Amino acid sequence: MSIRFAIRGDHIQLDQLLKATGLAASGGAAHAAIGDGLVRVDGEVDTRKRAKLRPRQRVEFAGEVIELVGE
């Protein structure tokens, strides 16, 4: 399943994105999932909790694909 997420401003941090989409119940849960290597950004595992994501990037987590778009 795919989620389109509009970014306000020029970027969103990876941990904030997981919380904002409801895929992580809390910041701690988002940090744990990212640290455990369960999140992919543009097809690659990314363990940077505060990675800055921009429009046109794709994030995969928990069977979901998040497509980032500009506002």
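Every read-out reported here was derived from the displayed coordinates using simple, explicitly stated rules and does not represent laboratory data. None of the values given here were measured: they were computed from a predicted structure. Positions of Cβ are generated from backbone atoms using ideal geometry, with glycine treated the same way; all protein chains shown enter the neighbour counts.
Using alpha-carbon pairs under 8 Å, 6+ residues apart, how would you state the relative contact order of the stretch 2-70 in percent?
42
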Subject >> Cα principal axis extents for the chain, largest first, Å >> reply: 30, 20, 19
Subject >> Ranked by how many other beta carbons lie within 10 Å on average, peptides 59-70, 35-46 from highest >> reply: 59-70, 35-46
